[in-house]
Structure formats: C-alpha cells, structure tokens
1. Can you list the strands (runs of 3 or more DSSP E) lying wholly within the range 142-251 that have 2 or more residues being hydrophobic (A, V, I, L, M, F, W, C) and touching a Cys at 6+ places or on another chain (Cβ under 9 Å)?
2. Can you work out which of the residues in the range 118-142 that are touching a residue at least 40 places away in the same chain (Cβ under 8 Å) and polar (S, T, N, Q) is surrounded by the most Cβ atoms within 10 Å (Cβ to Cβ)?
3. Can you find a residue in the range 233-248 that is touching a Gly at 6+ places or on another chain (Cβ under 9 Å) and polar (S, T, N, Q)?
4. Looking only at helices (runs of 4 or more DSSP H) that lie completely in the range 1-119, which have at least 2 residues being of a type in the set (Lys, Arg), modelled with pLDDT under 95 and under 24 Å from MET177 (Cβ atoms)?
5. May I ask you to verify whether LEU338 is open to solvent by less than 50 Å² (accessible area, probe 1.4 Å), closer than 29 Å to ASN141 by Cα and either in contact (Cβ under 8 Å) with a residue 12 or more places away in the chain or over 19 Å from the mean Cα position of the chain (by Cα) (or both)?
6. Tell me, please, whether a residue that is over 16 Å from the mean Cα position of the chain (by Cα), more than 20 Å from THR172 (Cα to Cα), open to solvent by 10 Å² or more (accessible area, probe 1.4 Å) and of a type in the set (Gly, Ala, Ser) can be found in the range 81-91.
7. Could you please find all residues in the range 264-281 being open to solvent by 40 Å² or more (accessible area, probe 1.4 Å) and within 23 Å of the chain's Cα centre (by Cα)?
8. Specify the residue that is modelled with the lowest pLDDT; the eligible residues are those in the range 298-315 that are open to solvent by less than 80 Å² (accessible area, probe 1.4 Å) and either more than 22 Å from ARG100 (Cα to Cα) or under 20 Å from the mean Cα position of the chain (by Cα) (or both).
Amino acid sequence: MERVDQDLAFMLRYENVAWYENGKVSILDRRIYPTEVNFVTCHTHEAVAKAIADMVTQSAGPYTAAGMGMALAAYECRECSYGEQVNYLEDAAYKLANARPTTANRMTLVVKGCLKAAHKAMESGDKVDEAIFRHTLHSINNRYARIGIVAKYLVDLFPRNGNIMTQCFGETIVGMMLKQAKKQNKNIKLFCPETRPYLQGARLTASVAYDQGFDVTVITDNMPAFVMKNKGIDVFTSAADAICLDGHVVNKIGTLQIAIVAKHFEVPYFVTGIPDQDKHNISQVEIEERDPSQVLEFRGIKNTMEGVKGYYPSFDITPPHLVGGVVTDKGIFSPYDLNRYFETDVEDYY
C-alpha cells in the first residue's frame, strides 16, 4: 500500500493519529500538542471511547481511533466463542460510535466497516484484531486519498498569492490542502483563529501549516472581522462535522460568526467534505454541549471567580446562504443542490 500521508505534518502521519499494536492503542494527545508530545495508551476499547469523548483526539482523529479501538476490542475477546465475540464487538462498536453525539452517524459507518472485516476474519479463521487493523489502515489511507481530491478542487479556487483564513482544525483537508498548494506552486499564507477552549486552530492547524513549510499567523477568536478587513483575506474555508442536505453546515463553534463576517466583506466561504446522506435537514443534528467549566479555565488554570457560570455549545450551524460552495471529491456544489452529489456512485471509505 502506498501511504498517502507521505510529506504531511508529524501529527497527520497514521501512527501519530491513533495506532493499534500488541494489545493496546496509542493516541497522540492533541489537547497538549505541540507544547508536549505525549501519547495516551489505551488498554481497553472503553478507554479508547473515553479518550475520544475527552477530546484526546479531535477533528477526524476519532474515526481512526474508533477503528483502532475495534481492533483492540477484538483482541480483548479473542478467547471467546464465535457468538460471544460477535456480541462483544457489537457492544464495543456502539460505545465507540456514540462517544460523541454530533458525529455518531459517521462513527457508526466506521465501526460498521470494522464489524464487516471482523465477520469475514472469523469465518476464514484469521486473527480478528489484525484484520480490523488492516481494514482501518486501508480506510484511513483511502480517506486521505479522497480528501486529496477535495483539496485539489479547493486549492484551484485560491489565488496564486493568497491569504486564507481557516477555522478550528480540519485534520486531513488541512494537510492535503497545503500539500496541493505546494504542488500548484501557490504561495498562500494562513490566518488561524485560535479556537477556544482547546485552541485547535492555534495548536493544531498552525502546527501542521508550519510543519509543512507555510507562513501561518494565529489570531484570537475575536479578531476575524478586523483581520478579514485589514489583511486582505481572499478565502475563508473550514471542514465540517456535518453537512446536511438542506445546505446547513455544522462545525466547531465560531464558524457561523466568521461566515457572517466573510459575507459582509464579500470573502467567499468554501466548506469542504462529503455531504451526509442521512442528514436531510438540520433538525436531525444534535448540537453537543460540553462541560461548561472548560470555558472558565485553560489547562487547569481557572480564569473566573467562583460562582461565575460557563456555557459551551461545541458546534454551531451556518445556514446555506452564507456558504459560497461545498467542495467535495466530485467537484464544487451549491449548498442548495447537495442531493445531486448522490446521483452518481459514492465510495464508502469508512
């Protein structure tokens, strides 16, 4: 297998996302990267699910972690009977898929693929954990390749010398976008809002950009309007945790306000990703609310007086009239015409 993660940043290489080996899963702790490079070691699939829920890995990282967690679950029940293994893996699949409610639909696709690989291995007498690991590795490689196609369509929209504003951490699309920009000899500069409270923009997007040799500037979350006006931003782009067929985009909290500002300053907003066929409209999306104490502190240091309240909706919803285009592996679609994406065959890369 030719690995697509070649020439990508450290944290995007497969072993550094999540990796199963010798009865355990190691996950790069993105909560503290890059100031610390630490891997959380999980000895059970429940520990993997908890790591996903606790934001040890973020963006698309949970998809890989879930697959590796399924391999670990297979290792845990390797001495059980056929029926017991099936039940154990189905229970593990549910726990891993539902570690975070907003992306449960995509995570379910991930674990379903692992279950298929498990059934096939059990029927042929192969080691189930190794079969799931191979399936997960193939899936992540296939996903990187497919997002590479998305990246080409996106970078085609960038000017030769452009200023690009991002939001949060788009994982694969960030790395593949930058890789494609080099391929097209486009001299782009990135402006990354920090993305409170975990600072994914400051710590993750900026790290990937710098690691891959690009000029990158971090701004605070209350600067996008000023920066967009005064720094000549050409494009605003983000990935999405869900793209509904009615054109609504669900992404990290803060995306909506930047999209509004972009519309005001006539800066196009291009969202990248694959539309969610099972999300016909925005009413089907549950916005995850996380521990409000996380907005009152950072890395264990409390910033407020005792008794002050916090509020932490982790995602917001950007309506279709603020979206300039949905960039997919099949080209660029209007947010009002996403059903057309499914008129041709769709590859299942989970």
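1. The strands (runs of 3 or more DSSP E) meeting that bar are 215-219.
2. Filtering first and then ranking leaves THR136.
3. Yes, the range 233-248 has at least one match.
4. Correct list: empty, since no element meets the threshold.
5. Criteria met by LEU338.
6. Scanning the range 81-91, I find at least one residue that is over 16 Å from the mean Cα position of the chain (by Cα), more than 20 Å from THR172 (Cα to Cα), open to solvent by 10 Å² or more (accessible area, probe 1.4 Å) and of a type in the set (Gly, Ala, Ser), so the answer is yes.
7. Selection gives PRO268, GLN277, ASP278, HIS280, ASN281.
8. Initial filter on the range 298-315 (open to solvent by less than 80 Å² (accessible area, probe 1.4 Å)): 298, 300, 304, 307-308, 310, 312-315.
Now narrow it down to the ones that are either more than 22 Å from ARG100 (Cα to Cα) or under 20 Å from the mean Cα position of the chain (by Cα) (or both): 300, 304, 307-308, 312-315.
Details: GLY300: 82, THR304: 96, GLY307: 96, VAL308: 97, TYR312: 95, PRO313: 95, SER314: 93, PHE315: 94.
The selected residue is GLY300.
The values are calculated or read from the model by the stated rules, or taken from the named source; none is laboratory data. Quantities reported herein were computed from a predicted structural model and do not represent experimental measurements. Neighbour counts are summed over all protein chains in view; Cβ atoms, including those assigned to glycine, are modelled from backbone coordinates with ideal geometry. These area figures cover heavy atoms from the full protein model, side chains too; ligands, DNA and RNA do not enter into them. Shrake-Rupley method; radii C 1.70, N 1.55, O 1.52, S 1.80 Å.
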